[in-house]
Each structure stands twice: as structure tokens, then as C-alpha cells.
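Chemist: Quick one: this structure, given as C-alpha cells, is what I'll be asking you about.
The values are calculated or read from the model by the stated rules, or taken from the named source; none is laboratory data. In this text the structure is predicted, and so the values were computed from the model without any measurement. Every residue, glycine as well, gets a Cβ built from its backbone with ideal geometry; the counts of neighbours run over all protein chains shown. Note: accessible area is taken over every heavy atom of the protein model, side chains too, but ligands, DNA and RNA are not part of it. Shrake-Rupley method; radii C 1.70, N 1.55, O 1.52, S 1.80 Å.
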Amino acid sequence: MAKRLITDADVRGKRVLCRCDFNVPMADGEITDDTRIRAALPTTTWLLDHDARLILCSHLGRPKGKVVKKLSLAPVAKRLSQLLDRKVPLADGVVGKQVRKEVDKLGKGDALLLENLRFEPGEEANDPAFAQKLADLCDIYVNDAFGAAHRAHASTEGVARLVPSYIGFLMTKEIETLSRLREAPEPPYLAIVGGAKVSDKLDVLTELVTQVDALLIGGGMANTFLLAQGKEVGKSLVERDQVDNARGVIERARNREVDLGLPTDVVVAPDIDGPPTIKPVDDVRPNEAIYDIGPETARVFADRIRQARTIFWNGPLGVAEQDQFAHGTSVVAEAVAKADGFTVIGGGDSVAAIEALDLADRIDHISTGGGASLEFLEGKTLPGVAAIPDAGEDGS
Ligand code: ADP
Ligand code: MG
């Protein structure tokens, strides 16, 4: 069921609290990637063009309920001012009297950014009293923070139940695209899952294997699968307590006749500083660690990607932050970019990899929510979405 969208709301002159995901990567006080801020522009621009008095809010990092100066949203306010071509001041706090004064001063088509929501302990605790303080600031609530929708926090869940609430354009695009993968993927549907750990992604693996026609596994997590097949993985990152779970995934794939792809060759090194050696997966020595899929595996994976009609990718295939172990991830990224099928990528490190290769514009959908996109594909209900009434409901 579709959710109530901002276009269903009369926002003219109203104080609109808009939860965005401005949790951007930063280095030395500078934003290193503003993709998430740009992704929120359709909603923010629409609200301002419709004369809302706009109160923007987001979390940044993990200040754990305390004011941490380094995690101030000041750089985001600055970037927003540039992108929206109008002054977006940063409020003096999240809630409270001073903030209230700043909100009262907002004219139609003005915007204000609240300070980092997680400076307040009530945010992550979804404290009803804090949610009420957020609700008191506004007439209408809009959730456009897909990346935070899998968390039941005061600004994503609590407040939505206290004022008339709607979703924004980014949220709706994410839900529609990911629903297409869950409900009507054109076959063959192929998923590529990499990244560090099986334990992080066991739920999504277990679910995906019931949905896809092919599942390719790489990255650190492939090592646990190799171990489950009785192979030597040396000093590789491996989770011995996940071997049974890996076996379960292999078993499910076999029962459903899912084409399961694991590395047949790998890039190993004595440690992360190299030097790298390519070898068949059966020749790994006890003093070596696997840091990437090998070129033959990458070629086979790329071939299968070419043949798929629906493709979901999460997680790098090797330690892609380091050039000598980035080859597998690059080959897969290029294959996904070139694929004729419908392509979706989720996950912070996978998205960073595709962006570093300048291929982002060749992907049909890049999810702004790593964890949220995985939970959605697992079939879980996202609390931030569930809290918004369905389209057509009054709910005010
Ligand atoms: P995403 O953010 O795309 O969901 P993850 O966070 O799950 O991806 O995984 C990314 C991490 O996995 C990276 O830090 C990368 O170095 C690590 N990784 C990938 N392959 C290996 C490997 N073979 N050994 C150790 N770490 C790996
Ligand atoms: Mg990551």
C-alpha cells in the first residue's frame, strides 16, 4: 500500500518538520560526499516552493545523547544554503525555547536546520516526551530519511504518530524501487553480496536465497562459505561461529536450484600490506589471507551479471579501499553498470566503490540507505515507514 505523500498535504504557511538523512561522511569538518544532501533536494525544494515554513532535521554520527561539537550539523547547514540558494541557518539546539523562537521567526518559504538530533538522549530512545517536543515545533511532519527508516527513533517514528504525517519524494522512490525487487523482479534475478561479515548479512542472505535465481558471494564473507566447504582459508577474515549458517544458505540454494557463485580463484597475501598473489581457491596456505576474488571469478561473475534482468548488489568483493585488492569490486561494478537489466545498489561501501569508479549515473537506483535497504529486502517492516498513514487515510 502506498504511503501518504507530501503532495497530498496542504503545506502553505504551515510549519513542516522534515526528517532527512544528512548523515554524510566528513573529514576534518568538511563534507566528503554530499550525495545524501542532494538526494533530499526534491522534497525540500518542493516544500519551499509551496511556501512551507521548513524545519529540517537529521542525525549525524553517534554522539550518543550528548552534544559533541565535532558532530554539529553546521557544515550541512552551509552546504544546504549553497544547494538551495538561500540562507539555511542552524538552530541553537534541537528543541527548547531558543529553537522555538527561531521557528516562530520563519516566514513562508524559509528554512531552518535543527542541530544533530542525537545530541538529545530522547532521540534514539524514542522517548515520548522528546517526540512531543518535536511535534510541538510543527504542524505537519514529513519523513524523507529512508536511511534511518529501519530505526524506531523519536524523529522517525514517535513524532509521526503525533502530527499529520507524510513521506517525501526520496522515501517514496526508495520504497517503490525496492518493492519492485521484492514483488515483481524480472527473471533472471541475480544478487551479489559481499562485504566483511556473514553475521552482518545473514538475514538478507537467508531471505534473498528464496527470491533470486542466482546469488554471487564475495568479499570477506565468502571465506566463511569456503570454510563451510572444507577449504583452507589461512589467516583470512572468517567467522567460525557462522559456518553452520553458511551451510544453511548453501543448502537452501541447492534446494531451490539457485545458481550459487563462490570464488574459484582468489587474491591472497601474507597480510593486508601485500604482496598480492593470485591462486586457485584450493591452494590457499595457512600463512595467507584472502583479500579479493581472483580475476577468473570476477570474469565469471561479470558474465552472470550480463545475463541477468534484475540485479541487486551489496558489499564490495574484496578490500576495495586498497588498490591491490580492488580488482574484483571494479570488475563487478563495471559489469553492473553495463548490464541491460534493472540495477540496484545498496550499502555504504558498495556505493562508495561505484562512485569512486564514476559509474553511479549508469545504475538505475542507488539506495541512500544501506541497512534500511537490506531490512526492506528481508521483508521486515521499517518503523519509519509503518508510522506514516497509507494514502487516502485521513490520520490527522
Ligand atoms: P557495505 O557498506 O557496502 O554494506 P560492508 O560494510 O558489509 O559493505 O563491507 C565492507 C567492508 O568489507 C570493507 O571495509 C572491506 O574492506 C571489507 N572486506 C571486503 N572483502 C574483505 C576480505 N576479503 N577480507 C577482509 N575484509 C574484507
Ligand atoms: Mg559498510
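Chemist: Please pick out the residue among 189, 166 that is at pLDDT 95 or above, open to solvent by 10 Å² or more (accessible area, probe 1.4 Å) and not β-branched (Val, Ile, Thr). Show your work before the answer.
Modeler: Values: 189 fails: open to solvent by 10 Å² or more (accessible area, probe 1.4 Å).
Criteria check complete, one pass: 166.
Chemist: Continuing with this model, one more query. So which residues in segment 324-354 are within 10 Å of the chain's Cα centre (by Cα) and open to solvent by 40 Å² or more (accessible area, probe 1.4 Å)?
Modeler: Matches in segment 324-354: 348, 349.
Chemist: Further, regarding this structure: Find all pairs meeting these conditions: Cβ atoms under 7 angstrom apart; at least six residues apart or on different chains; first residue within segment 31-50 and among the small types (Gly, Ala, Ser); second residue not in a helix (DSSP H, G or I).
Modeler: Close Cβ pairs (under 7 Å, with a partner that is not in a helix (DSSP H, G or I)) amount to 39/368; 40/20; 40/144.
Chemist: Shifting gears a bit: Return the residue satisfying two criteria in turn: it lies in segment 355-380 and is crowded, with 24+ Cβ neighbours inside 10 Å and of a type in the set (A, V, I, L, M, F, W, C), and of such residues it is nearest to ligand 2 (Cβ to nearest atom).
Modeler: Checked segment 355-380; the qualifying residue nearest to ligand 2 (Cβ to nearest atom) is 374.
Chemist: Looking at segment 288-308, is at least one residue modelled with pLDDT of 95 or more, within 14 Å of ligand 1 (Cβ to nearest atom), open to solvent by 10 Å² or more (accessible area, probe 1.4 Å) and not β-branched (Val, Ile, Thr)?
Modeler: Yes, that holds for at least one residue.
Chemist: Are there helices (runs of 4 or more DSSP H) fully within segment 1-111 with at least 2 residues that are open to solvent by less than 10 Å² (accessible area, probe 1.4 Å)? List them. Can you show your working first?
Modeler: Values: elements: 35-39, 41-49, 74-84, 97-104.
So the answer is 41-49, 74-84, 97-104.
Chemist: Can you name every residue in segment 112-128 that is out of contact with any Asp or Glu (no Cβ under 9 Å at 6 or more places or on another chain) and open to solvent by 60 Å² or more (accessible area, probe 1.4 Å)?
Modeler: 124, 125, 128
Chemist: Do we have residue 271 as open to solvent by 10 Å² or more (accessible area, probe 1.4 Å), within 12 Å of ligand 1 (Cβ to nearest atom), part of a loop (DSSP other than H, G, I, E, B) and not basic (Lys, Arg) here?
Modeler: For residue 271, the condition - open to solvent by 10 Å² or more (accessible area, probe 1.4 Å), within 12 Å of ligand 1 (Cβ to nearest atom), part of a loop (DSSP other than H, G, I, E, B) and not basic (Lys, Arg) - is met.
Chemist: Check whether at least one residue in segment 236-254 is in contact with a strand residue (DSSP E or B) (Cβ under 9 Å, 6 or more places away or on another chain), away from ligand 1 (no atom under 16 Å from the Cβ), open to solvent by 30 Å² or more (accessible area, probe 1.4 Å) and free of Cβ contacts under 8 Å to residues at least 24 places away in the same chain, and report yes or no.
Modeler: Scanning segment 236-254, I find at least one residue that is in contact with a strand residue (DSSP E or B) (Cβ under 9 Å, 6 or more places away or on another chain), away from ligand 1 (no atom under 16 Å from the Cβ), open to solvent by 30 Å² or more (accessible area, probe 1.4 Å) and free of Cβ contacts under 8 Å to residues at least 24 places away in the same chain, so the answer is yes.
Here's the yes/no breakdown for (1) of a type in the set (A, V, I, L, M, F, W, C); (2) outside any helix (DSSP H, G or I):
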| residue | (1), (2) |
| --- | --- |
| 180 | no, no |
| 191 | yes, yes |
| 201 | no, no |
| 206 | no, no |
| 223 | no, no |
| 230 | no, yes |
| 238 | yes, yes |
| 257 | no, yes |
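Chemist: Then there is this: Looking only at segment 330-339, decide whether some residue is over 24 Å from residue 371 (Cβ atoms) and within 8 Å of ligand 1 (Cβ to nearest atom).
Modeler: no
Chemist: Within segment 214-232, how many residues turn out to be in contact (Cβ under 8 Å) with a residue 60 or more places away in the chain and more than 11 Å from ligand 1 (Cβ to nearest atom)?
Modeler: Total satisfying the criteria: 2.
Chemist: Would you please name the residue that is farthest from ligand 1 (Cβ to nearest atom), looking only at residues in segment 309-323 that are open to solvent by less than 70 Å² (accessible area, probe 1.4 Å) and of a type outside the set (A, V, I, L, M)? Working first, answer last.
Modeler: If we filter segment 309-323 for residues that are open to solvent by less than 70 Å² (accessible area, probe 1.4 Å), which is where we start, we get 310-320, 322.
Then drop every residue that is not of a type outside the set (A, V, I, L, M), which leaves 310, 312-316, 318, 322.
Working: 310: 19, 312: 12, 313: 9, 314: 5, 315: 4, 316: 5, 318: 5, 322: 8 Å.
Ranking the qualifying residues of segment 309-323, first place goes to 310.
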